[in-house]
Every structure is written in C-alpha cells, then in structure tokens.
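Encoded as structure tokens, the structure appears first; notes follow it.
The values are calculated or read from the model by the stated rules, or taken from the named source; none is laboratory data. Every value quoted in this text rests on a predicted model; they were computed, and no experiment measured them. Here the Cβ positions follow ideal geometry from the backbone for every residue, glycine too, while neighbour counts run over all protein chains shown. Quick note on the areas: whole protein, heavy atoms, side chains included, nothing else; ligands and nucleic acids left out. Shrake-Rupley method; radii C 1.70, N 1.55, O 1.52, S 1.80 Å.
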Amino acid sequence: MDRLIFTSHSAIAESAIARQGLVNELANVSTAGFKRSFDMAMRTIKVEGEGFDSRYQTQVIARDVIDLEPGPIIATNRPMDISLSGASVMGVEAPDGKLAFTRRGDLKVNARGVLENGQGHALRGTAGGPLVVPPGFVVQVNRDGTVFARDPNQPAAVGVPVGQLLLRDASKQPLVRRPDGLFAPQGLPLGSDFPTGPDAIQITSNSLEGSNVNAVYGMTRMIDQARSFEAQIRAIKQAKDLDESSATLMKPA
C-alpha cells in the first residue's frame, strides 16, 4: 500500500508545478502584453531502491519558454500606447539594471524624463541607454521605433527625434521568463542581447496588445487539475482503508 500512496503523492507534487504556471497565466489574463508559456514537459526517471529495476516514474520539467503568439489588439486612441508586430520584442532595463525584453507597450514619461512602460521599466534605445524626453514634451513613436518629442506650446513645431527603441525579432530565438516576469534569450546569460530575426518589425501607435492567455481554456485546465487532485486524494484514502482492513484480518482471534 505504501507504493500506491507514494505514487499518488508524487503525482500531486509533480502537478503542483503545472498549477503554479496556470495560476500565473490566469492572474495576468488582463495584463497588457503578457505572454503565456508553453505547456510543461514530462520526462521519465528510474526509481532507485528495493524492488525490480524496471520501475520508472514521470517527472515534470518546468519549461517557461515564452509563447509569442500575438494577443488581441485594443484601440486606445492614446499616442503613447504602442503594439508590436509578429514575434518582436523591445528592450527595457530590468530592476537589476540588466537588459531584458517585453511586449508591454503602455508607455509614459516619468518625473525624470525617462520613457518607461506601465510596469516602470525604462525603455532601452539602440544607443544602449534609456530614452530621455525633455520635460513637458509630447512623445510620438514612429512605425520603425523612432521616438519623437514635440513641444506642445508650439503647435507648428516639428517633432525632434530623441532616439530609437531597441527592437528585436524573436521568431528564431526562444525566450524564457525571468524571475521578474520580463523575457531573456534562452541559453544566454541574463542581460544578453541577441541578433534580430528575419521578420520586419512594425509598431502601431494608439493601440495596445492584450494578453494571449485564453481564459476559457485556462479555467478548463484548472478544473481538470482540481479533479486530478481529488482523484489522487481518494486513492490515498482507499489505500489507507485497505491497509487498515488487512491489519484487522491479521489480528489474532
């Protein structure tokens, strides 16, 4: 009976990894630019110990590889809201000061004049540093990622370029999720850049990209996880009852 209990407990423990990823996706179903991860992978490991050498057990591998499938485009009519085409990403400064990537495009200018997104991550330019906008200037982003700043007190004034967003096409480069939720190229040290892919990158202003998480599919998976958990708990209880019954039969009359 102990082997049955061990197997059920292992199934509960391994499925907890998948539940954590699923809960994170459902929590960010309304987060702009959020990307879900590919499903967890399974591998078989050999169980060491007493018994036959033919015993094997499945183990869940956490593969937080980003699924860059585009989400729905939402028109906001806000000039500083941008959405990216295809599998492209833009560079930002992570909380640790290193280069990271994101799809979130709700831009704003902070009190220091640095262009950042809704999470407070400063946007990196092609020159390497953050993009700085003169105080009080209106920001507009061109289709190729060039950032223009214009003085609102001079309606006839032409926007002055202050830099260009660091854009990369990640169609050929897998990305993984960092602990802070930003993206990083797989197989490279944190803070590394990567060469852009073959697809052209275009930016659309006055719009935001929504999360690519399917809420209905996520809730269906959550129900399936709950039922699987209940089934494993019932198996453990049944093993306990069978063990108690066996112990009763072995008692002397």
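Observations, loosely collected:
- Residue 142-residue 248 pseudo-label distance in nm [points 7 Å out on the Cα-to-Cβ vector]: 8.3
- Three-way shape call for the stretch 67-125 based on the alpha-carbon gyration tensor, with the a/c threshold at 1.5: oblate
- About the Cα centre, charge dipole magnitude for the stretch 170-253 (Lys/Arg +1, Asp/Glu -1 at Cβ), debye: 260
- Taking 7 Å steps out from each Cα toward its Cβ at residue 30 and residue 206 produces label points 2.6 nm apart.
- Annotation: extensible slack from residue 225 through residue 64 equals 56.1 nm (criterion: 0.36 nm per residue apart, minus Cα-Cα distance).
- Taking only protein heavy atoms and a 1.4 Å probe, the accessible area of the stretch 87-199 is 53% carbon and sulfur.
- Note on residue 177 and residue 240: the model spin-label points, each 7 Å out from Cα along the C-beta direction, lie 3.4 nm apart.
- Extension gain, residue 214 back to residue 157 (0.36 nm per residue minus Cα-Cα distance, nm): 16.1 nm
- Per-peptide average of other Cβ atoms within 10 Å, ordering 132-141, 204-213 highest first: 204-213, 132-141
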